[in-house]
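Visitor: Quick one: this structure, given as structure tokens, is what I'll be asking you about.
Values in this text are rule-based calculations from the coordinates and carry no lab data. Predicted model only: the values in this text are computed from it and were never measured. For neighbour counting, all protein chains shown are included, and Cβ atoms are generated from backbone atoms with ideal geometry for every residue, glycine included.
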Amino acid sequence: MAGLTAEELRAELEATERRAEAEEVRIQEAAAKLVEAEERQRLRRLLEQARADLAFKQKTHQHLDARRRSVDEDRAGPNLLHGTQQSPKPPVLLSSSDAECTSFGHTVARGEHVWKLQQLSWLPTVLRQEELCTAQSEPFCVGGFLFQFVYNPHGGYLDSRVGWDDRWAQGSVAIVTSANDGFALRYRIFVKARDRAFVQWGETRDEIYDADDDDIVAYGPDVNWEGQVSPPSVTGIFGLTFEQLLQSEWVVDDTLTLKFVLEVRPEGCYESELFSQAVEVPEATMSRDTQALLEKGSCSDVRFIVQGEDVHAHSQVLCARSEVLEKQLTGGMQESASKVIVVEDCDVATFKAFLQFLYTDRLPTIDELAAQAPSAGQRDDGNVQLLQMQALLAVSHKYQATRLQRWCEAQLCERLSTAEVCGILGQAHLLQARQLEKACLAYLKCHLTEVLKLNAYAEMVAKWPEIGLKVNLFSAGVPEAAAAAVVDVGSAAGTCPKRRRLQS
């Protein structure tokens, strides 16, 4: 610069000023485009809200139309005459005996909705980013009435839509509803703990919704309204702040699981029915009787040897309930003659639980399985339940007890955790339990960073390379059919070590 002449400096100055003017024009153009982009974003949000409102109204219309048909058929409605019509005067009898049954809940409908909020720690940030007050569930219908569940992590306003009453509802978790007809609502709210048990938050409450009072109302243990005389003393799930909740037993793997149990009774008179003779019909006893038959071993003709212990059973029941056992006992195999079956891949407690299902068709409870486990007093309850569930899944798959197998898969889907997902995925892969495998892959996708650090993941992928391929394809969002084709091609090419050994 110091060596330039005055003429050169003037030329350089003019060129720089022209570039600055051109840059100013580009700045104005970029600013205008930014305004247009923000307007498009605003319109997208409005369109999404309009579509959500349309879907809600369409569902409301469907349920109202179904309720109208029920009213037309005198199956519901506020003007039913249950037990109020005049009946002919009965004849005079020297003696009489009758009984009356009055039912107040014959029209009650019941529903359960489980709402999982995953990556919960992100929720406040997402709400600020999207300028929202709450997270909202999908609409849920019970008895022809629509409900929605909302969550405000900081216990503030539960909704900001125009059309609410002048009083503004505040709280953390609420059941929101709006209807043209009145109804009675009994609700309970549960929160899933670290031990996978649902614990009730707040009391069981009965509410009366009057369609003439409010357009949209909210119910919940800590819901309060501006101007309310006696608002709840504590706000938040179990009185915890959002930060405390994240560190509590109620949030597992950054996931909060809520369960809503709703019972809805539409408007209408209660029902009375007069019986000329009161005859009590006993409850069915077949399940109890067949279980007693199994426990006593009366007339048994089959003997299972499980871990050195004899378990007696009846071939007629076994053949009727399991095609695999039927082939063993009637297909000319050694067992068909000796009626002795040795079971080497199952513990006694699990096998007895399996037989109990075959005899009674009753699915066991989680607590029953844990109590029957031989190591129940030595290990964590959650681990005992999980191991028993996996063992019961294996034996039900072996003997093709499909209903029990699907139940075990459903229970395992509810008990996925970072520490256990690899073991469950390996079993689902071996047993070709597609829905359980899909649930494990979805869990891995959400928690991949944590799972990749575990030795169990490396061992699983080393043992079953095709599982690693499935994880990659699922995480990449490849459609299920296309992913299956890729895995099949990889297996055919010999990428699986076991397949390579078989080929050689």
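Visitor: With the radius of gyration and the Kirkwood radius both derived from the Cα set of the range 109-274, what is their ratio Rg to Rh? Mind showing how you got there, number by number?
Guide: Details: Rg = 16.4 Å, Rh = 16.7 Å.
Rg/Rh for the range 109-274 comes to 0.98.
Visitor: Same structure, new question: So, in nm, how far is label Ile27 from label Val348 when the simple model puts each one 7 Å beyond its Cα toward the Cβ?
Guide: Taking the simple label geometry, Ile27 and Val348 are separated by 8.6 nm.
Visitor: Further question: How much length, in nm to one decimal, is gained on full extension between Arg406 and Phe198, taken as 0.36 nm per residue of separation minus their Cα-Cα distance?
Guide: On the way: separation 208, 0.36 × 208 = 74.88 nm, distance 2.17 nm.
Length difference between fully extended and current span is 72.7 nm.
Visitor: Turning to a different aspect of this structure: Obtain the nm distance between the two label points defined at Glu112 and His61 by a simple spin-label model: each point lies 7 Å from its Cα along the Cα-to-C-beta direction.
Guide: 3.4 nm
Visitor: Give the residue from His61, Leu43, Leu9 lying farthest towards the positive end of the charge dipole for the range 8-75; charges sit on Cβ (+1 for Lys and Arg, -1 for Asp and Glu) and the dipole is referred to the Cα centre.
Guide: Farthest towards the positive end: His61.
Visitor: Report the calculated FRET efficiency for Glu12 and Leu34 (r = Cβ-Cβ distance, R0 = 30 Å), to the nearest 0.05. Intermediate results must be reported in sequence, preceding the final value.
Guide: Values: r = 32 Å, r/R0 = 1.08.
Computed FRET efficiency for Glu12 and Leu34 comes out at 0.40.
Visitor: If you take the Cα Rg of the range 8-75 and divide it by 2.2 N^0.38 Å, with N the number of residues, what do you get?
Guide: On the way: Rg = 29.3 Å, N = 68, 2.2 N^0.38 = 10.9 Å.
So the range 8-75 has a normalised radius of gyration of 2.68.
Visitor: Using the crude model of +1 on Lys and Arg Cβ and -1 on Asp and Glu Cβ, and no other charge, please compute the dipole size for the range 8-75 relative to its Cα centre, in debye to 20.
Guide: Working: 16 positive and 17 negative charges, 174 e Å.
With only Lys, Arg, Asp and Glu charged at Cβ, the dipole is about 840 debye.
Visitor: Compute the FRET efficiency between Ala292 and Gln316 as 1/(1 + (r/R0)^6), taking r as their Cβ-Cβ distance and R0 = 22 Å, and round to the nearest 0.05. Could the numbers behind the result be given before it?
Guide: Working: r = 16 Å, r/R0 = 0.73.
Efficiency, from the Cβ-Cβ distance: 0.85.
Visitor: Once you wrap a convex hull around the alpha carbon atoms of the range 290-397, what is its projected area averaged over all directions, in nm²?
Guide: Mean projected area of the Cα convex hull: 6.8 nm².
Visitor: For the range 106-200, max minus min Cα coordinate along each principal axis, in Å, sorted largest first?
Guide: For the range 106-200, the Cα spread along each principal axis is 45, 41, 19 Å.
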